[in-house]
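The values are calculated or read from the model by the stated rules, or taken from the named source; none is laboratory data. Everything numeric in this text was worked out from a predicted model, so none of it was measured. All Cβ positions, glycine included, derive from the backbone under ideal geometry; neighbour counts span all protein chains shown.
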Amino acid sequence: MVIRVYIASSSGSTAIKKKQQDVLGFLEANKIGFEEKDIAANEENRKWMRENVPENSRPATGYPLPPQIFNESQYRGPHYKGMEYVMEKKASITEKWEDEKEGAGGL
């Protein structure tokens, strides 16, 4: 599972900056690996993000704004929906690991 977070390093919006800090801080605090993709510094990242946010998740006007979260190339939502997905996956992986640990005699 490769989590990709699309951010804008030079955003003038304090709301966007706050959401980005929330997402990145959340992932770091939960020790979840991720790749940060800067749409402000890299045109390819910006283009890819805009093209891969599904129609039903786009704003009525304009382009989707960061932060946007993907698992590999699969869209997981803007910051709040994406974080819910990541936590569900983390819980599932932790549960599986605990089950395997118990099955191995508690090793």
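Some observations on this one:
- Note on the stretch 7-25: among residues that are free of Cβ contacts under 8 Å to residues at least 12 places away in the same chain and under 15 Å from the mean Cα position of the chain (by Cα), the one that is farthest from PRO78 (Cα to Cα) is GLY25.
- Conditions (1) over 20 Å from ASP38 (Cβ atoms); (2) touching a helix residue (DSSP H, G or I) at 6+ places or on another chain (Cβ under 9 Å); (3) modelled with pLDDT under 70; number of the one not met by GLY82: (1)
- Count - residues of the stretch 26-57 that are closer than 19 Å to GLU88 by Cα, free of Cβ contacts under 8 Å to residues at least 40 places away in the same chain and surrounded by 10 or more Cβ atoms within 10 Å (Cβ to Cβ): 3
- Given (1) at pLDDT 90 or above; (2) surrounded by 17 or more Cβ atoms within 10 Å (Cβ to Cβ), index of the condition SER13 fails: (2)
- Counting the residues of the stretch 1-27 that are outside any strand (DSSP E or B), in contact with an Asp or Glu (Cβ under 6 Å, 6 or more places away or on another chain) and of a type outside the set (Gly, Ala, Ser) gives 1.
- The set of residues in the stretch 28-49 that are among the charged types (D, E, K, R) and either assigned to a helix (DSSP H, G or I) or on the phi < 0 side of the Ramachandran plot (or both) comprises GLU28, GLU35, GLU36, LYS37, ASP38, GLU43, GLU44, ARG46, LYS47.
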